[in-house]
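A quick write-up on the structure given underneath.
The values are calculated or read from the model by the stated rules, or taken from the named source; none is laboratory data. Predicted model, so just to flag it, every value in this text is computed and none were measured. Neighbour counts are summed over all protein chains in view; Cβ atoms, including those assigned to glycine, are modelled from backbone coordinates with ideal geometry.
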Amino acid sequence: MGDSTEYNLQFEKIKSEEEDSHITLPDYQILSYPADFTVEVLNNKMVSGDIEVRPYQRRYIWKQYQATRLIESFLVGLPVPPIFLYTDPVTEKFNVIDGQQRLRTIQYFIEGHFGSEQKGKATIFRLKELSEKSRWYNKTYQELSGEDKRKLLNCVLRAIIVKQLDPKNDTSIYHIFERLNTGGTLLTNEEIRNSIYNGKFNDLLKKLNKNENWKLLIGKPLDDSRQKDIELILRFISLYYNGQNYEKPLKDFMTIFMSKNRNPSDDFLSEIETIFNTTCEKIYTHLGGKPFKIKSGLNPAALDSIMVSFAKNLNDIPSDIKERYQNLVANDTYKLLIRNATTDETTMNNRMNLADEILFH
């Protein structure tokens with residue numbers, strides 16, 4: 001995306017889709033323990049990649065006065081709130097749940113620049129927001145005395161390491177991330193998944209989101225700035241492959257599917273890509289653009305039922321499919337199934353069956 005302009009999908013307002021994010025959670029058995037790291041160790045782990053901050057997590061948003069206050073807190077010995085990490089079971093690296101602004105501030109100060117480079121230039125990180133009477137006023141890391149450098153590097157920042165024991169899936173990490181990562185603009189469900197379940201399947205989702213027919217179907221040529229378009233692809237794929245085992249909440253159903261298929265075989269990835277691309281092509285060819293905009297905006301429940309039905313009948317598309325589609329979206333029962341309790345198990349099952357029945361039987 002060229003500039004800072006954000007592009008967002010416009011959805012039909014459906015209460016049950018919004019309420020899916022507030023479903024009662026299961027009981028979790030979580031192991032958490034404190035680990036005290038020095039600033040030097042944390043910086044080294046950030047530089048080496050042993051602590052990962054995903055590129056699609058929230059960007060660095062701290063102002064220089066906030067960053068300066070953190071460094072000053074270390075230097076004067078004030079307590080700093082702990083960070084939260086979890087150990088990635090695949091890579092054994094730490095993934096940041098909460099605390100990336102603090103970790104990046106440490107890294108940036110030691111490296112000598114504030115924030116990322118902009119057009120090949122970087123702002124020098126000076127402690128200029130301090131009182132002029134402070135002995136650290138306007139100094140960079142390199143300009144600190146040897147004693148102050150050692151003091152800073154030897155400061156301890158506590159990390160809470162989190163590991164889920166039961167259930168065996170790792171959805172608690174998702175929910176912890178969801179609750180703790182509250183600074184600035186809240187991350188969306190898909191942005192959180194993208195941060196936690198980075199892998200070949202996640203890479204495929206981003207690739208599929210570039211499909212031209214897909215863009216025409218959702219009526220949006222540019223990528224959604226909050227990854228809502230990618231979440232719709234995950235919704236389709238998870239329901240196509242595992243819809244018979246669907247249980248609410250939908251967001252956890254998708255999260256578990258993504259977790260289990262984080263790095264699947266190349267054959268499975270190729271199969272997913274073929275089914276998705278062919279489904280999008282068939283729907284656009286026969287129904288045209290924006291077939292999921294039933295009323296005021298894109299209806300995700302219409303999308304999942306129509307796409308899954310097409311995907312299961314790619315070789316048996318009737319000649320009157322356009323008329324069948326019109327009958328479907330005009331059907332009073334279907335209207336209820338795509339607007340009321342859309343993520344309930346019974347509604348989901350009935351919606352899928354009705355779409356398949358009217359469109360292909």
query = Of the residues in segment 219-233, how many are among the hydrophobic types (A, V, I, L, M, F, W, C), over 17 Å from I275 (Cα atoms) and within 11 Å of the chain's Cα centre (by Cα)?
reply = 0
query = Of all the residues that make up segment 247-295, how many are buried (at least 21 other Cβ atoms within 10 Å of the Cβ), part of a loop (DSSP other than H, G, I, E, B) and touching a Phe, Trp or Tyr at 6+ places or on another chain (Cβ under 6 Å)?
reply = 1
Condition check for S305: of a type in the set (S, T, Y), farther than 17 Å from N350 by Cβ and in the same structural domain as L208 (by TED's automatic domain parsing) = no
key: Unique match (being more than 16 Å from I306 (Cα to Cα) and out of contact with any Leu (no Cβ under 9 Å at 6 or more places or on another chain)) among L222, L204, L216   = L222
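Select, from V156, V53, V96, the only residue that is in contact with a helix residue (DSSP H, G or I) (Cβ under 6 Å, 6 or more places away or on another chain), surrounded by 12 or more Cβ atoms within 10 Å (Cβ to Cβ) and not assigned by TED's automatic domain parsing to the domain that holds S225. Break it down stepwise before answering.
Numbers: V156 fails: in contact with a helix residue (DSSP H, G or I) (Cβ under 6 Å, 6 or more places away or on another chain); V96 fails: in contact with a helix residue (DSSP H, G or I) (Cβ under 6 Å, 6 or more places away or on another chain).
When all the criteria are applied, what remains is V53.
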query = For segment 46-84, which residues satisfy the criterion of being within 13 Å of A159 (Cα to Cα) and in contact (Cβ under 8 Å) with a residue 40 or more places away in the chain?
reply = I51, V80, P82, I83, F84
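Can you tell which of Q66, Q107 is at negative phi, surrounded by fewer than 17 Cβ atoms within 10 Å (Cβ to Cβ) and either assigned by TED's automatic domain parsing to the domain that holds N43 or not in a strand (DSSP E or B) (or both)? Even if it seems obvious, please write down each step before you answer.
Numbers: Q107 fails: surrounded by fewer than 17 Cβ atoms within 10 Å (Cβ to Cβ).
On inspection, the qualifying residue turns out to be Q66.
Going by the structure shown, is L216 within 14 Å of the chain's Cα centre (by Cα) and part of a helix (DSSP H, G or I)?
no
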task = Output the qualifying pairs, or none if there are none: Cβ atoms under 8 angstrom, residues six or more apart or on different chains, first residue in segment 134-147 and under 11 Å from I110 (Cα atoms), second residue surrounded by 11 or more Cβ atoms within 10 Å (Cβ to Cβ) and β-branched (V, I, T).
result = Y141/I110
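Determine whether segment 199-213 contains at least one residue that is more than 30 Å from H286 (Cα to Cα), at pLDDT 80 or above and either among the hydrophobic types (A, V, I, L, M, F, W, C) or in a loop (DSSP other than H, G, I, E, B) (or both).
From segment 199-213, those more than 30 Å from H286 (Cα to Cα) are 199-200; that's our starting set.
Pick out the ones that are also at pLDDT 80 or above and you get 199-200.
Narrowing further to those that are either among the hydrophobic types (A, V, I, L, M, F, W, C) or in a loop (DSSP other than H, G, I, E, B) (or both): 199.
Among the residues of segment 199-213, at least one is more than 30 Å from H286 (Cα to Cα), at pLDDT 80 or above and either among the hydrophobic types (A, V, I, L, M, F, W, C) or in a loop (DSSP other than H, G, I, E, B) (or both), which makes the answer yes.
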message = It is to be established whether one or more residues within segment 30-45 are in contact with a Leu (Cβ under 8 Å, 6 or more places away or on another chain) and either within 30 Å of I294 (Cβ to Cβ) or modelled with pLDDT under 90 (or both).
response = yes
